[in-house]
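These notes concern the structure reproduced below.
Where a number appears in this text, it was derived from the coordinates with a stated rule and is not lab data. Quantities reported herein were computed from a predicted structural model and do not represent experimental measurements. Glycine gets a Cβ as well: all are built from the backbone with ideal geometry, and neighbour counts include every protein chain shown.
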């Protein structure tokens, strides 16, 4: 009898955890807001990337940190991590600055992409946040486009 009760309680706890994960899964959107070069050497470059995190759900999300990979024009560019925590209120957004490292090969791939005479850069960002109260954290994947400066110096993000 005790084994059945323990098994039932374990199953209920797992279902509750899965239900909470489902509440967050579609509620978060992550976009690249800014990229700034912080340091550069011959073999690697260090960037500060500002991410905008949108919470489209009715529950605040407390992020303890995370990691991400960034691809530009379908080519791997860099990866980053952050231990910066942030709470994103319900139906709101927040920005977080993260460190990203790119090797010389990532820069070469970017330059090759720029030589294709494009008016914009496509980007994909994917990663994982450690989220308070969510077993296994929260994965994300987003894609966007950054318009390159035109002759009048304007630049926009889509």
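At a Förster distance of 25 Å, what's the computed FRET efficiency of residue 83 paired with residue 42, Cβ-Cβ distance as r, to 0.05? Taking R0 as 25 Å, the efficiency between residue 83 and residue 42 is 0.35. Placing pseudo-labels 7 Å out from each Cα toward the beta carbon at residue 111 and residue 145 gives an inter-label distance of 2.7 nm.
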